[in-house]
1. Determine the shape class of region 114-300: with a ≥ b ≥ c the square roots of the Cα gyration tensor eigenvalues, call it rounded for a/c under 1.5, and otherwise prolate if a/b is greater than b/c, oblate otherwise.
2. What is the order of Lys246, Lys317, fewest Cβ neighbours within 10 Å to most?
3. For the chain, evaluate the Debye formula with one uniform point scatterer on each Cα (no solvent term) and list log10 I(q)/I(0) at q = 0.08, 0.11 Å⁻¹, rounded to two decimals.
4. What is the dipole size for region 114-300, taken about its Cα centre, with +1 at each Lys and Arg Cβ and -1 at each Asp and Glu Cβ, in debye to the nearest 20?
5. When the chain is treated as a GNM, springs tying every alpha-carbon pair under 10 Å, which of Thr117, Thr98, Thr311 comes out with the largest mean-square fluctuation?
6. Could you check which residue among Glu115, Glu313, Glu50 shows the biggest mean-square fluctuation in a GNM of the chain with a 10 Å Cα cutoff?
7. Within region 114-300, what percent of beta bridges assigned by DSSP are antiparallel, to the nearest 5?
8. Rounded to the nearest 5, what % of DSSP beta bridges with both residues in the chain are antiparallel?
Amino acid sequence: MAETEPQAGELPARRVFVTRAIPAAGTDLLAAGGAQATVWSGSGDAPGPEELRAALASTDVLLSLLTEQIDANLLAAAPQLLGVANHAVGHDNVDLETATQLGIPVSNTPDVLTETTADLTWALLLGAGRRIVEADRFMRLGNYRLWGPQLLLGEDISPGGDGQRKTLGIIGFGRIGEAVARRARGFDMAVIAYHPSDPERVRASELARPVELSELLREADFVSLHIPLTTATRHLIAADELQAMKPTAVLVNTSRGAVVDEAALVVALREGQIAAAGLDVYEREPTMATGLAELPNTVLLPHVGSASRGTREAMAKIAATNALAMLRGNPAPQCINRAVYQSAAYARRASRLW
């Protein structure tokens, strides 16, 4: 981070609108860089489309969260906007194609949350596999009266009592998928992986054996999802895929909710097609599919994959660094649509800086 952080200095009345409160490390960096930052403080959980539109009318750079939809209409209504700094690794909340056409750079906060999200993935693997949340609830309700050999039986992650190595199937073998695979060594697991966008990435790694999706679903005792949401990956795991998994298998999703057909998952869990699921993301977040919350064989978290203090502070600083670069007319270090800087549309926007 140190080599990309901007130096303190005055900016000529440049304004950043932050859609919701972020860690102070980010807003402090904006202030140190001379930006005039305004954090949304309206009623409700988040600013609505009209509030965003009104704010953008007097904003130079938007610092947004993943939950805010930055669509074509919103972007078109802000002819003076110099960039969108997304406080997230994902960026499917921003209409990237329209932003590029309009000459608006868009950035994200990559890499920094890799290890933190991999840690949480393992918390879900262990939590769902060993029925930790269910056991905690059992205890709190006063249901534990007598120990017995059939009490809350779960699934081994290590070879366990039967000595059989368990197989972890990783769908999406990017940075987070690789980090999850590294941790599997400590549990003596066999690791297989399917990386749809670049199969060679798995073949070049010593951490996993490359397989096709059908083989992964058939062989894996645990299936962990780490792929972006695209047209091709929406409902990648649906009724047929769930049916193909082992009845003892555990599904974990810390990527994007709509990668899984959530209604089909409810059926699969209810009917015993798979043993359990651990979810940190949801198809229509924050709403869950009907019946999901009532299923005992689930661990359900409120999108906290990157929620450690250190990681969230680092994300805020990266987003602020990107925003300050945009305000100065410099390429944002983590720009997603970097070619935009060579476009005539961007030149027109940036011309008012000089």
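Derivation of every value follows stated rules applied to the coordinates shown; laboratory data play no part. Since this is a predicted model, take the numbers as computed values, not measurements. Heads up, the Cβs are rebuilt from the backbone with ideal geometry, glycines too, and the neighbour counts pull from every protein chain shown.
1. In terms of gyration-tensor shape, oblate.
2. Fewest-to-most ranking of Lys246, Lys317: Lys246, Lys317.
3. The calculated log intensity ratios at q = 0.08, 0.11 Å⁻¹ are -0.45, -0.79.
4. With only Lys, Arg, Asp and Glu charged at Cβ, the dipole is about 360 debye.
5. Comparing Thr117, Thr98, Thr311 in a Gaussian network model of the chain, the most mobile one is Thr98.
6. Judging by the Gaussian network model, the answer is Glu50.
7. In region 114-300, approximately 5 percent of DSSP beta bridges are antiparallel ones.
8. Here the share of antiparallel DSSP bridges comes out near 5 percent.
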